[in-house]
1. Look at segment 122-161 and say how many of its residues are closer than 22 Å to LEU223 by Cβ and in contact with a Pro (Cβ under 6 Å, 6 or more places away or on another chain).
2. Does segment 106-123 contain at least one residue that is closer than 26 Å to GLU24 by Cβ and not in a helix (DSSP H, G or I)?
3. If a residue must be surrounded by fewer than 17 Cβ atoms within 10 Å (Cβ to Cβ), touching a strand residue (DSSP E or B) at 6+ places or on another chain (Cβ under 9 Å) and farther than 15 Å from ILE105 by Cβ, how many such residues does segment 189-200 contain?
4. Which helices (runs of 4 or more DSSP H) does segment 31-102 wholly contain that include 1 or more residues that are of a type in the set (Ser, Thr, Tyr) and either free of Cβ contacts under 8 Å to residues at least 60 places away in the same chain or touching a helix residue (DSSP H, G or I) at 6+ places or on another chain (Cβ under 9 Å) (or both)?
5. Can you name the residue in segment 40-67 that is in contact with a Leu (Cβ under 8 Å, 6 or more places away or on another chain), surrounded by fewer than 19 Cβ atoms within 10 Å (Cβ to Cβ) and not aliphatic (A, V, I, L, M) and, of all such residues, is nearest to ALA172 (Cα to Cα)?
6. If a residue must be at positive phi and either modelled with pLDDT under 95 or surrounded by fewer than 24 Cβ atoms within 10 Å (Cβ to Cβ) (or both), how many such residues does segment 119-139 contain?
7. Among the listed residues SER185, SER219, SER174, identify the single one that is more than 18 Å from ALA116 (Cβ to Cβ), polar (S, T, N, Q), at pLDDT 95 or above and surrounded by fewer than 21 Cβ atoms within 10 Å (Cβ to Cβ).
8. Looking at segment 88-98, can you tell me whether even one residue there is of a type in the set (Lys, Arg), crowded, with 23+ Cβ neighbours inside 10 Å and at pLDDT 95 or above?
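The values are calculated or read from the model by the stated rules, or taken from the named source; none is laboratory data. Remember, predicted model here, so these are calculated numbers, not experimental data. Neighbour counts are summed over all protein chains in view; Cβ atoms, including those assigned to glycine, are modelled from backbone coordinates with ideal geometry.
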Amino acid sequence: MAVEATTTVQNGQWAGGGPGYRDERSGCAFLICTPRSHPELWQQFMAGALRSYRRFDVEEALAYDATIDGRSTTVFVVAVDDTGRVLGGTRIQGPYRQVDEAHAITEWAGRSGEAAIRKLIADRIPEGLLEFKSAWVDHDSEHRIAVREGLARSAIHVPHLLGARYALSTAADSVAEGWRVSGASVVWWIPAVPYPSDRYRTVALLWDMRTFRKHAVDSQLPLLDAEQAALATQAGVIPRAGGPA
């Protein structure tokens, strides 16, 4: 089922309620929601994630049963086209208060780099650390690259809205470049791990809101600036905790 036609974005706010902005490259509205505020949209986001993860035989990495209730998700971002179809999204956990809240530590548990990933997280919690999870893009969308880049830019927007300095994500090294366009850096001193299976080499990626411009692809900077301007009047409207209704 598609989202109802409430994806018009005006003055940085979408008609469905909450912050949002339009991306002309993908033709999508990018909407920032909570599972509690938009439960139907949350269900559609998770259904799309499940289809995508199954396609690549990595369903276990989604942890669908543990995630679907929304309690671990602070906000989620979705790209919705003009027909109301969700073409991709990602969800965000945090800001964290302690290291063991982060999912990333389970990916390195018992492996080389476990101490390093724990220290990375612990050192950044005091200034605000978010974790981006469950990212996916509709494989059949003709605008999938633009949608993917739009989701990467959300790794700058959401930390600004939630008052966090850092954002963390983990991804197979084969797709990490898709996140790096918005200024993420691969954490080189943490070795890649075979997660969720030996077919993948998962790496840690980190954004710093003070330095991301040095690492972002030049073509993304005007888009980041325009989207942040659209969101500027929406700061503070996102709850600090997600969860179901």
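1. 1
2. Within segment 106-123 (the criterion being closer than 26 Å to GLU24 by Cβ and not in a helix (DSSP H, G or I)), the answer is no, since none of the residues qualifies.
3. Counting residues in segment 189-200 that are surrounded by fewer than 17 Cβ atoms within 10 Å (Cβ to Cβ), touching a strand residue (DSSP E or B) at 6+ places or on another chain (Cβ under 9 Å) and farther than 15 Å from ILE105 by Cβ gives 2.
4. Because the criterion is at least 1 residues that are of a type in the set (Ser, Thr, Tyr) and either free of Cβ contacts under 8 Å to residues at least 60 places away in the same chain or touching a helix residue (DSSP H, G or I) at 6+ places or on another chain (Cβ under 9 Å) (or both), the helices (runs of 4 or more DSSP H) in segment 31-102 that meet it are 39-55, 64-67.
5. So the residue we want is GLU59.
6. So the count comes out to 1.
7. The conditions single out SER219.
8. yes
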